[in-house]
Amino acid sequence: IAGALLARWVPHSVQSVASHAPSTDTPHAAALIDDHTPTPAHAHFSTRRLLKVLVTGLLLWCVPMYMLWLAFGLSNTLLQMAWFFSKAAMMTFGGAYAVLPYVYQGAVDTFQWLTPQQMIDGLALGESTPGPLIMVVSFVGYLGAYVKPVFTHGDAVWYSAALGAVVATWFTFLPSFIFILAGGPLVESTQHQLRFTAPLTAITA
């Protein structure tokens, strides 16, 4: 709100910070991508491209969901995971620490895929390895589909667990890719519009 008000009443106060003007204080070597690099063609906003991304993303979500329902029925572990991790993905914009309490509650309390101790082990594993902490969902998917398998004969339980890890990972990360591919050009189109950049400048401050 403060940034929006400054942009309306004292626009010069946020203009220099909000714009991407290069600094003239210290010279630097030529960069591959800098403030003067033109926006690439794929980053220009287009309604047609936006619809294409949204439809493709919807298909990539619906088809696997339908296949899980067709193969294992309505109330199976993998379909529950697909729906649960799709909802969890909607919170990932806050980072792993925002979504993991939700994952803990669902995986441990609601569905009983893991014990509390196993979930803590998964978090410890995620913290000690390189890569995003949200990858702990693969661990949750693996153990959940091992405890409540869709394949129950002999070594087939392992295949159920591996499929659980794939399902958890797919449905957690798919929405993020859709957000980026659909929203990137929208964000790029606001680059030099003060009404958008001024509030972000205030947030950054």
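Summary of computed values
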read-out	value
Rounded to whole Hz, the Karplus (6.51, -1.76, 1.60) HN-Hα couplings of the stretch 167-177, x for glycine and proline	4, 4, 5, 4, 6, 7, 8, 4, x, 5, 5
Whole-Hz ³J(HN,Hα) from phi, Karplus 6.51 cos²θ - 1.76 cosθ + 1.60, for the stretch 65-77, glycine and proline x	4, 5, 5, 5, 5, 5, 7, 10, x, 6, 10, 10, 4
Cβ-defined net charge surrounding residue 14, 12 Å radius [Lys, Arg +1; Asp, Glu -1]	+2
Packing rank of 75-88, 172-185, where each peptide gets the mean count of other beta carbons within 10 Å, highest leading	75-88, 172-185
Accessible area of the chain divided out per residue, in Å², using a probe of 1.4 angstrom	64
Whole-percent carbon and sulfur share, accessible surface of the chain, 1.4 Å	69
Table column - 3J(HN,Hα) (Hz), the stretch 114-119, Karplus curve with 6.51, -1.76, 1.60, x for Gly and Pro	9, 8, x, 5, 5, 5
CD proxy at 222 nm, helix term only [per DSSP H run n ≥ 4: -39500 (n - 2.57); per residue of the chain; nearest 500]	-21500 deg cm²/dmol
Among (i) 16.3, 51; (ii) 25.2, 88; (iii) 22.3, 71, the entry that matches Rg and Dmax of the Cα atoms in Å as calculated here	(iii)
Principal-axis tilt of helix 136-147 within the chain, Cα atoms, nearest 10 degrees	10
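The values are calculated or read from the model by the stated rules, or taken from the named source; none is laboratory data. Only a predicted model underlies this, so the values are computations on that prediction, with no experimental measurement involved. In this analysis, Cβ positions are derived from the backbone assuming ideal geometry, glycine residues included, and neighbour counts consider all displayed protein chains. To get the accessible areas, we keep the full protein, side chains included, count just its heavy atoms, and leave off ligands, DNA and RNA. Shrake-Rupley method; radii C 1.70, N 1.55, O 1.52, S 1.80 Å.
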